[in-house]
Amino acid sequence: MWMTDMPNARLTLYRLVIVLLTLWLGGCVGPPLSPSPDLHAHKPSRTLVKRIEFVPFAHPEQAKTLIAAIRRASDGLRVVVTTPTGQRLLTLVHDDQGARYTQTLMPADPPFPAIWLAQRLEWGLWPLDSLQHAFAGSHWQVSERPNGRGTIRRIEHNHRLIVRVDRWPSHDVLTDYSGDYRLTITPLSDTPEDRQEIP
């Protein structure tokens, strides 16, 4: 429910983000969900803070910036999405109990399943061999090749390209062809560790 004492400016911001997310994921009805990689980390957990610039193909003028704090630990994945000013929009958890939202400031459930969002994150964050192991025997494929100083990762369903992740030393670009949007993901710190996969 909306907070009745929330200033009009904040109401406008939240409504804009809801519209954005709806547009962002309006194309999410497509291929079935992919098998999930092993969620358990075998190295120390760490939280990465990323700036996410979202541009929908059909409405580039509605580009928006969000902040995501992403933590992968031995018990799974946890993501907090906020506005650039720090106003929390939603919290996503993916562990042995499944993917779910544990907190949201939206007036209703987000217009996309928690597992859908979790898998997009996993496709970019998990090591290639983990995804290959998860996809083995399914209709999903993942491949990766070098591209200059970076790499290109392709996620396909029945050999149809769903997502391409261009990974560079300074940032990543995730292009979702089934959702018709592009994300530019940049670490908020300058440490080289923050530009690598979550261990």
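The values are calculated or read from the model by the stated rules, or taken from the named source; none is laboratory data. What you are looking at is a predicted structure, and each value in this text was computed from that prediction instead of being measured. Positions of Cβ are backbone-derived with ideal geometry, glycine not excepted, and every protein chain shown enters the neighbour counts. Calculation scope for accessible area: heavy atoms of the full protein, side chains included, ligands and nucleic acids excluded. Shrake-Rupley method; radii C 1.70, N 1.55, O 1.52, S 1.80 Å.
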Residue-by-residue Karplus 3J(HN,Hα) for segment 170-177, coefficients 6.51, -1.76, 1.60, Hz, glycine and proline x = 9, 6, 10, 10, 9, 10, 9, 7
In segment 46-187, what percentage of the DSSP-assigned beta bridges are antiparallel, given to the nearest 5?
-> 100
Residue-wise HN-Hα coupling along segment 92-101, computed from phi with Karplus coefficients 6.51, -1.76, 1.60 (Hz; x: Gly, Pro) = 10, 10, 10, 9, 5, 8, x, 9, 7, 9
Return one whole number: the accessible area per residue of segment 46-187 in Å², for a 1.4 Å probe.
-> 46
Check each of the trypsin sites (Lys or Arg not before Pro) in segment 95-170 and keep only those in coil by DSSP with at most 10 other C-beta atoms within 10 angstrom; list them in order.
-> Arg149
Pairwise FRET efficiency - Thr104 versus Asp38, Cβ, R0 = 30 Å, nearest 0.05 | 0.65
Residues whose built amide H sits under 5 Å from the amide H of Phe57, excluding neighbours closer than 5 in sequence, are Tyr181, Arg182
Karplus ³J(HN,Hα) for segment 155-164 (6.51 cos²θ - 1.76 cosθ + 1.60, θ = phi - 60°; Hz, whole; x = Gly/Pro) runs 10, 10, 10, 6, 6, 9, 5, 9, 9, 10
